[in-house]
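See structure below.
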Amino acid sequence: MIWNDEFETLPREALESLQLGRLQAMVQRVYAMVPFYKENFDRHGVRPEDIRTLADLQRLPFTLKQDMRDNYPYGLFSVPLEQIVRIHASSGTTGKPTVVGYTRRDIDNWSEMMARSFVAAGAHRGDVIHNAYGYGLFTGGLGAHYGAEKLGASVIPMSGGNTRKQIMIMKDFGSTVLTCTPSYSLFLAEAAREEGIDIRDLNLRVGIFGAEPWSEEIRGQIEETLNIKAMDIYGLSEILGPGVAIECVEAQSGLHIWEDHFIPEIIDPKTGEVLPAGELGELVITTITKEGIPMIRYRTRDITRIIDEPCICGRTHRRLQRMSGRSDDMLIIRGVNVFPSQIESVLVGIEGVEPHYQLLVSREGTLDILEVQVEVNEATFSDEIKILQELSKRIQKEIKDMLGVTCKVRLVEPRSIARSEGKAQRVVDLRNQDSGGA
Ligand code: DLL
């Protein structure tokens, strides 16, 4: 099923010509309306008229998260505040949040893209969508909510938290679609079990999970534990919120990015050079329809590759491979690049451990030390020390074999790692504290 046949299956040539027209108009607009862009383009010696082909996009400078901070709160808006009907913000780990504003047309486009995403993921009218993404400044809750309404499904605005009540509502209201972070879906399953409910017996059919990195292996585990199809949805507040890209249920392999609204590029995060389709690198996105806060070549820091091959679902919009993680979360352990999701994929394959883990990174001298803390299940926990030691050695070996890094492994009690109602905190970085401490 396709929500918007006309646009989702537009032949590539027509799609690219639409992109070019929209890009040119967008570049003109930001140059005229947003002082930051005018100064940035001038500094790089490029003018809106220089954008004659899609390839000319590469002549424009990047926009960074820091640019948003420097122009806090409204400096990058391209319309007066009277035209902004919604404001969201993403809470950075440090300092002020980044602020984004939407015009009415932006909200309509966002709802359209979310409706497309729901349908691509296998949801439809008549579904009861249990929306456990947080409502508030975070874009997840309201973004999914408006899309679900546009689709014409029945949306339950649960938001995050109150986990026991979530189970009751899902059961009593007959929820068929669950939207939340992948880590929260497993927490819900665990909480249901504690209530004596097997979440597999509920009406849930599809989960639409995103907002944090997750591995293919944990997808398998979620599908098994919840007895659903688990679909990957990607987005970020700077660009839109949820619904920038989504997997289709037909292929469940790669996320279609809505190219009539966005132009994706992949760059080498070190040099900024644009990489050819198929290569792994940092995702850069240009918005070509956004009015409130257009983004030109925004560096997302997310690592992926563009899949150029046509998809069996019939959509012509290219796909992004599941995000490997964020370049800022990438750990360099004795020279080896490691993403938390790679560790996750190893852990999920090991019997006796639960999919709840945390990575502690510290520094000894100039070396990064990685400690993997992972919960063992009840049965294993009551085993003899020797068995636990063997398990811990085995995990260490599998990580070493797979990723080439040696880490410490600490097995911890069931339910001792903090559960999150939103984005899970997988990495605890003690390195800065270390250097300040001594
Ligand atoms: O997380 C928007 C969202 C809400 C997406 C609900 C999907 C579902 P931010 O809080 O601005 O926005 O965080 C954006 O989260 O740059 C990625 O690093 C990460 N992220 C989002 N979706 C995925 C995903 C929302 N499917 C940041 N896989 C992004 C991996 C993801 N990482």
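The values are calculated or read from the model by the stated rules, or taken from the named source; none is laboratory data. Please read all numbers here as calculations on a predicted model, not as lab measurements. Glycine also receives a Cβ, built like all others from the backbone with ideal geometry; neighbour counts cover every protein chain displayed.
Some values worked out for this structure:
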| read-out | value |
| --- | --- |
| Test: Val79 is of a type outside the set (Ser, Thr, Tyr), part of a loop (DSSP other than H, G, I, E, B), in the same structural domain as Asn109 (by TED's automatic domain parsing) and touching an Asp or Glu at 6+ places or on another chain (Cβ under 7 Å) | yes |
| Strands (runs of 3 or more DSSP E) enclosed by region 273-389 - at least 3 residues per element that are crowded, with 20+ Cβ neighbours inside 10 Å and within 16 Å of the ligand (Cβ to nearest atom) | 281-287, 298-304 |
| Meets criteria (in contact with a Cys (Cβ under 9 Å, 6 or more places away or on another chain) and buried (at least 21 other Cβ atoms within 10 Å of the Cβ)) for Gly254 | yes |
| Lone unmet requirement of (1) over 22 Å from His356 (Cα atoms); (2) among the hydroxyl-bearing types (Ser, Thr, Tyr); (3) touching a strand residue (DSSP E or B) at 6+ places or on another chain (Cβ under 7 Å) for Ser91 | (3) |
| Criterion (under 23 Å from Gly241 (Cα atoms), modelled with pLDDT of 95 or more and surrounded by fewer than 17 Cβ atoms within 10 Å (Cβ to Cβ)) met by exactly one of Leu54, Leu64 | Leu64 |
| Hits in region 131-163 - residues which are more than 14 Å from the ligand (Cβ to nearest atom) and touching a residue at least 60 places away in the same chain (Cβ under 8 Å) | Leu151, Gly161, Thr163 |
| Filter result for the condition that a residue is over 26 Å from Ala245 (Cβ atoms), of a type outside the set (Asp, Glu) and at pLDDT 95 or above, over Ala32, Ala14 | Ala32 |
| Within region 77-97, considering residues that are within 23 Å of the chain's Cα centre (by Cα) and modelled with pLDDT of 95 or more, the one surrounded by the most Cβ atoms within 10 Å (Cβ to Cβ) | His88 |
| Of all residues making up region 410-428, the number that are among the β-branched types (Val, Ile, Thr) and over 27 Å from the mean Cα position of the chain (by Cα) | 1 |
| Hits in region 134-184 (condition: over 20 Å from Ile228 (Cα atoms), touching a Phe, Trp or Tyr at 6+ places or on another chain (Cβ under 6 Å) and either hydroxyl-bearing (Ser, Thr, Tyr) or not assigned by TED's automatic domain parsing to the domain that holds Pro97 (or both)) | Ser159 |
| Per-region count, region 249-268, residues part of a loop (DSSP other than H, G, I, E, B) and either modelled with pLDDT under 95 or closer than 19 Å to Trp110 by Cβ (or both) | 4 |
| Failed item in (1) over 18 Å from Glu291 (Cα atoms); (2) not in a helix (DSSP H, G or I), with Ser17 passing the rest | (2) |
| Selection from region 192-244 of residues that are away from the ligand (no atom under 16 Å from the Cβ) and assigned to a loop (DSSP other than H, G, I, E, B) | Glu195, Gly196, Ile197, Asp198, Leu202, Asn203, Leu204, Arg205, Asn227, Ile228 |
| Residue satisfying condition, being under 30 Å from Asp329 (Cβ atoms), surrounded by fewer than 23 Cβ atoms within 10 Å (Cβ to Cβ) and out of contact with any Pro (no Cβ under 8 Å at 6 or more places or on another chain), within set Glu212, Glu190, Glu195 | Glu190 |
